[in-house]
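Note sheet for the following structure.
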Amino acid sequence: MLSAETTSDLVKKRGRKATTVNYFDVAEEAAVRRYLIAETFEEKNAIYNEFLRGPLDKMISSIIRRYKLYRKDMNFTDIHTDTHSFLMTKVDKFKPSKEKKAYSYFGTICKNYLMGQIIKDQKDTNRKISYEDISSSLEQRPDMVYYMELEKTETDDIIQGFLTELRHYIDNEPLTDNEKKLGISLLELFENYKTIFLGTDNNKFNKNIILLSIREMTNLSTKEIRTAMKRFKKLYYAVLNKIIE
């Protein structure tokens with residue numbers, strides 16, 4: 001016969017709930033802090049791939065499904081990828097000194113971004129409907145219709161032309177240190193664009209991924225990148241106009 005004490009112990013053991021393993025816990029919080037102080041892109045990338053990619057994927061999937069933050073004309077994978085890309089541009093803004101959890105910060109960023117995109121999509125839809133209401137009536141009038149013969153310019157031609165001019169530009173133009181860093185990073189991106197952006201729909205580059213890549217390669221702030229980018233934008237449009245003509 002079991003003693004009262006032994007019986008009590010068994011009841012406690014049987015009554016215990018199974019231990020659950022959180023996908024974003026102490027180890028992941030520590031990994032975020034190591035990521036923030038890492039000095040090289042390679043070190044950050046290693047920490048991200050080993051400790052953060054999986055947990056962040058689970059977090060974003062959970063947020064989308066739990067709050068039903070689905071976007072019109074986008075499948076789940078595209079919504080997930082877009083949100084993850086945006087989140088990675090905001091990681092560096094997390095401040096551990098405020099004694100807040102990275103998990104809470106990341107979750108708030110994702111929810112706010114998704115809700116903002118849904119609102120934006122709805123506004124775009126409303127504008128499109130308004131435009132179609134007007135244009136449909138105008139298209140019935142022959143005097144208001146003009147047919148254009150469009151010439152297709154291949155993406156590869158534009159990129160190869162830009163790369164040629166960019167190499168010459170970097171070697172021969174007087175550039176500031178920031179412009180030099182940015183120019184070299186642009187060379188890297190454009191030379192490997194097929195690999196870097198493999199799988200994106202119709203080769204439409206994800207702006208968030210590009211910005212994150214440039215920041216990691218140059219160690220420049222977003223403001224410094226925008227300032228240094230002005231000269232390269234002019235070069236790009238000059239190349240584009242030359243090809244079109």
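One line per residue, one yes/no per condition, for (1) under 18 Å from the mean Cα position of the chain (by Cα); (2) modelled with pLDDT of 90 or more:
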site: Tyr70; (1), (2): yes, yes
site: Phe76; (1), (2): yes, yes
site: Thr89; (1), (2): yes, yes
site: Ser104; (1), (2): no, yes
site: Gln122; (1), (2): no, no
site: Thr125; (1), (2): no, no
site: Ser130; (1), (2): no, no
site: Ser136; (1), (2): no, no
site: Arg141; (1), (2): no, no
The range 30-64, residues that are surrounded by 15 or more Cβ atoms within 10 Å (Cβ to Cβ), in contact (Cβ under 8 Å) with a residue 40 or more places away in the chain and touching a Pro at 6+ places or on another chain (Cβ under 9 Å): Val32, Leu36
Reported set for the range 1-28 where residues are surrounded by 14 or more Cβ atoms within 10 Å (Cβ to Cβ) and either modelled with pLDDT under 80 or acidic (Asp, Glu) (or both) is Glu28
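In the range 79-125, how many residues are among the β-branched types (Val, Ile, Thr), closer than 11 Å to Ile60 by Cα and surrounded by 17 or more Cβ atoms within 10 Å (Cβ to Cβ)?
Filtering the range 79-125 down to residues among the β-branched types (Val, Ile, Thr) leaves 79, 81, 83, 89, 91, 108-109, 118-119, 125.
Subsequent filtering for residues that are closer than 11 Å to Ile60 by Cα retains 79, 81, 83, 108-109.
Next, only the ones that are surrounded by 17 or more Cβ atoms within 10 Å (Cβ to Cβ) stay: 79, 81, 83, 109.
Here the count works out to 4.
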Could you pull out every one of the helices (runs of 4 or more DSSP H) wholly within the range 24-125 that has 1 or more residues that are in the same structural domain as Ile214 (by TED's automatic domain parsing) and hydrophobic (A, V, I, L, M, F, W, C)? none
Flag for Ser185 being at pLDDT below 85, among the hydroxyl-bearing types (Ser, Thr, Tyr), in a helix (DSSP H, G or I) and surrounded by 15 or more Cβ atoms within 10 Å (Cβ to Cβ): no
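The values are calculated or read from the model by the stated rules, or taken from the named source; none is laboratory data. Because the structure is predicted, anything quoted here is derived from the model rather than measured. Cβ: placed from backbone, ideal geometry, glycine included. Neighbour counts: every protein chain shown.
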